[in-house]
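The values are calculated or read from the model by the stated rules, or taken from the named source; none is laboratory data. In this text, all values refer to a predicted model and were calculated from it rather than measured experimentally. Reconstructed Cβ throughout: ideal geometry from the backbone, glycine too, with neighbour counts over all protein chains shown.
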Amino acid sequence: MNVKIGTTRFGEIQLDKSQVIRMPDGMPGFVDNRRFVIIQNKDNSPFFWYQSLDEPDLAFVITNPRQFVPDYHPDFRHYLKKIAWINLDSSFKEIACYVVVNIPKGTPEKMTGNFLGPLVMDLTARVALQLVMPDSNYSHKTPLLPKVAELQR
C-alpha cells in the first residue's frame, strides 16, 4: 500500500508502507520520532537519508560503517538480548547496521560517523534501535576518511 508523506528536504514522496522502519524507543534526543524510512542519497552513493515520518524536517545522513572501516564488527549480541524483536537463534543476515554521519559544513573531508551508537535494524520485522555501546573501542566521532584526517594533523 502506497502512502504520500511530506518532507522538508525532499518535498512530497511516495513510499510503500512496507518501507517504514519503526523505532519503539526513538533515537536519543528524538524519542518522539518513531517512524523512519531510508532514502537513497544518489545512485552508487554510500550515503542514505534516514528520514523521520513523524517530523518532516528531521533526517539523518547514515551509511554502512563497513564501507569506511572494513574491520568494524561490534559484538552487540549482549546488547540485543533484552530486546524482544531480535531473534538471537536466527542468523544475523537479516540484521543491518548503519552509523549516523556528521558532515561539517564546508569541510566534508572531516566527516565522522557515530560508531559508538550504531543503528541496528531487523530488516524482516522493520524495527530498529540506536545502540549506545559505552565499552566500545570506537568513538561517536570516528573519522570516515582517516587518510585525510591524518594529513591534517
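Just so you know, in the range 109-128 the residues that are among the small types (Gly, Ala, Ser) and under 17 Å from PHE60 (Cα atoms) include one that is surrounded by the most Cβ atoms within 10 Å (Cβ to Cβ), and it is GLY113. Contact annotation: residue pairs with Cβ atoms under 6 Å, 6 or more positions apart or on different chains, pairing a residue in the range 126-141 that is over 29 Å from GLN19 (Cα atoms) with a partner that is of a type in the set (Phe, Trp, Tyr), are TYR138/PHE115.
Just so you know, in the range 30-45 the residues that are closer than 13 Å to TYR98 by Cβ and either aromatic (Phe, Trp, Tyr) or in a loop (DSSP other than H, G, I, E, B) (or both) include one that is modelled with the lowest pLDDT, and it is ASN41. Taking the range 1-57 as the range and being in contact (Cβ under 8 Å) with a residue 40 or more places away in the chain, over 25 Å from GLN67 (Cα atoms), of a type in the set (Val, Ile, Thr) and touching a strand residue (DSSP E or B) at 6+ places or on another chain (Cβ under 7 Å) as the test, the residues that pass are ILE5, THR7.
Conditions tested, residue by residue: (1) at positive phi; (2) buried (at least 17 other Cβ atoms within 10 Å of the Cβ); (3) out of contact with any Cys (no Cβ under 9 Å at 6 or more places or on another chain).
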| position | (1), (2), (3) |
| --- | --- |
| ILE21 | no, yes, yes |
| PRO28 | no, no, yes |
| LYS42 | no, no, yes |
| ASP54 | no, no, yes |
| ASP57 | no, no, yes |
| ARG66 | no, no, no |
| ASP75 | no, no, yes |
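Of the residues making up the range 140-153, those that are over 19 Å from THR63 (Cβ atoms) and either part of a loop (DSSP other than H, G, I, E, B) or modelled with pLDDT of 85 or more (or both) are GLN152, ARG153. The number of residues in the range 132-144 being surrounded by fewer than 18 Cβ atoms within 10 Å (Cβ to Cβ) and not small (Gly, Ala, Ser) comes to 7.
Here is the figure for the range 1-29: residues that are among the basic types (Lys, Arg) and at pLDDT 90 or above total 1.
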